[in-house]
Amino acid sequence: MLQKHRKMFDSLTFLFEKVFLFTNFNLFSTISTDGDKNANYFDWSSFTRGDLLEVPRTLFIHFGIYLGDNKVAHLMPDILPALTNDERQIHNVVTNKRLLLGVLSKIASIRIDTVEDFAYGSSIIVNHMDNILNKQQLPNEETARRAEKLVGATPYSLLWNNCEHFVTYCRYGQPVSLQTDKFCDVLKMIIRDQRGVMLMAILGIISILYLGLAPSTTLTTVLILFTLWMAS
């Protein structure tokens, strides 16, 4: 039974990674395009405390708030705190596998890392959101203090509480996530009528009970339940 659960979890991980990776071809082209003259790349020594930083990672664009002294506060999904209490292991750079499993398990923290660890080998874009969000920026010092106050464990939600929500709350006073809005345009329309989604899930389970574990019924039901889980 444990082996079956592990295989199901691995399958969902693989499915989620591939879907997110596929959709982000469009996300990167709209959020950080080569034609955008305002997206500037900087050496960390030129950063100012309170700057909003963003870097492309394998699955999405990751965001953080620069605190000064080569430190960045960022919301990072991570499965490791659920598996060990070893702070040294947890403090190591969060790999993409740890991150993805943290997303699926909804385990995250707002942590402070060096600029190098935050960037994870990618170029850093500074304050690009200022040019695409029609919102008044808070003073940089207030932005940094907001980020510092929130450091610690936090629940993770792909749609409602991710790294972009964290930085936009700190810098603009209101949590916003452009990339998940784009990723979930269709999904959100379905989720708004949660009764309909629940009904579909119930019907899927009933169909499994009566028709057996056919691929057509099992896959549909798993995807619906997985969607409900990730959107909550």
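The values are calculated or read from the model by the stated rules, or taken from the named source; none is laboratory data. Treat the numbers as computed from the prediction; the structure is a model and nothing was measured. Note: ideal-geometry Cβ built from the backbone for every residue, glycine included; neighbour counts use all protein chains shown.
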### region 74-102, subset touching a Leu at 6+ places or on another chain (Cβ under 6 Å) and in a helix (DSSP H, G or I), residue surrounded by the fewest Cβ atoms within 10 Å (Cβ to Cβ)
I90
### Message
Out of R146, R111, I need the residue that is over 21 Å from F60 (Cα atoms), touching a Gly at 6+ places or on another chain (Cβ under 9 Å) and either free of Cβ contacts under 8 Å to residues at least 40 places away in the same chain or of a type in the set (K, R) (or both). Which one?
### Response
R146
### Subset of region 66-90 [within 19 Å of the chain's Cα centre (by Cα) and closer than 21 Å to I124 by Cβ]
Y66, V72, A73, H74, L75, M76, P77, D78
### Message
Just to check your reading of the model, which residue among I124, I190 is at pLDDT below 95 and buried (at least 20 other Cβ atoms within 10 Å of the Cβ)?
### Response
I124
### Query
So, in region 130-144, of the ones that are of a type outside the set (S, T, N, Q) and within 22 Å of the chain's Cα centre (by Cα), which residue ends up farthest from D181 (Cα to Cα)?
A144
### Query
Which condition number in (1) in contact with a Pro (Cβ under 9 Å, 6 or more places away or on another chain); (2) at pLDDT 90 or above is the one that A144 fails?
(1)
### Summary
Within region 137-183, the count of residues that are of a type in the set (F, W, Y), surrounded by 17 or more Cβ atoms within 10 Å (Cβ to Cβ) and in a loop (DSSP other than H, G, I, E, B) comes to 1
### Message
If I filter region 39-46 for residues that are out of contact with any Cys (no Cβ under 8 Å at 6 or more places or on another chain), closer than 19 Å to L178 by Cβ and either modelled with pLDDT under 70 or surrounded by fewer than 12 Cβ atoms within 10 Å (Cβ to Cβ) (or both), do I get at least one hit?
### Response
yes
